């Protein structure tokens, strides 16, 4: 397809992919066309960003990677499943954990119009709030229509309370940053930090949109163990 070719209609490839992702516990976190943001080895086409949905954890824990006791089960599962999708749909797969160099998932997320930089400098997504987990992306040679972003502006602009700033018990998040990483890790070593370790970052959970992620505590605890290795 040439760069000037008309896009395929919405509801085709995008909708098919969305339907295939759902039973895998995955969902589309956003999409963009490479001419609007750099994508390795692509000047045109369609990039679909894939992240975890509410059913992800039950799918993972039932899979071989979730039961074999080997390191990095989430990444290994993501590479296998999204790699298989790439083969099925004739796309190229990119992963946030493959590198260096690492694929610019943050830039892609922001360019999709469905993720924004919060006052705490953490990303916030229009559906899953601050409980974001990008697992991969599929790059298609085809240029097809993608839905308009759900929000015209960052949800943080209309969030009066900004709990992502006030909820952190370690005061590690401040308006405009920077993120006080050392203070966060120090807090997680304390008894009071157990709430973050078992249920997830209090500040991330405080975002009103985070409830949309539907994350079970076990999934969040898994990610916290990787973030704060004891």
- [ ] May I ask you to verify whether residue 211 is part of a loop (DSSP other than H, G, I, E, B) and under 17 Å from residue 57 (Cβ atoms)?
- [x] no
TODO: Specify which of the listed residues (171, 187) is surrounded by 19 or more Cβ atoms within 10 Å (Cβ to Cβ) and either over 17 Å from residue 129 (Cβ atoms) or without any contact (Cβ under 8 Å) to a residue 12 or more places away in the chain (or both).
DONE: 187
Task: Residue ID - modelled with the highest pLDDT, chosen from residues in segment 7-22 that are under 11 Å from residue 145 (Cα atoms) and either in contact with a helix residue (DSSP H, G or I) (Cβ under 7 Å, 6 or more places away or on another chain) or outside any helix (DSSP H, G or I) (or both) - done: 12
Task: helices (runs of 4 or more DSSP H) wholly inside segment 63-165 that include at least 3 residues being under 26 Å from residue 224 (Cα atoms) and in contact with a strand residue (DSSP E or B) (Cβ under 9 Å, 6 or more places away or on another chain) - done: 73-89, 105-111
Open item on the list: Let me confirm something: among 84, 76, 92, which residue is touching a helix residue (DSSP H, G or I) at 6+ places or on another chain (Cβ under 7 Å) and more than 17 Å from residue 222 (Cβ to Cβ)?
Closed with: 92
Task: Number of the condition not met by residue 220 [criteria: (1) buried (at least 17 other Cβ atoms within 10 Å of the Cβ); (2) in contact with a helix residue (DSSP H, G or I) (Cβ under 7 Å, 6 or more places away or on another chain); (3) not in a helix (DSSP H, G or I)] - done: (3)
Task: Hits in segment 39-53 - residues which are surrounded by 16 or more Cβ atoms within 10 Å (Cβ to Cβ) and either part of a loop (DSSP other than H, G, I, E, B) or at positive phi (or both) - done: 44, 45, 53
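The values are calculated or read from the model by the stated rules, or taken from the named source; none is laboratory data. Keep in mind that what you see is a predicted model, and the values were worked out from it rather than measured. Cβ: placed from backbone, ideal geometry, glycine included. Neighbour counts: every protein chain shown.
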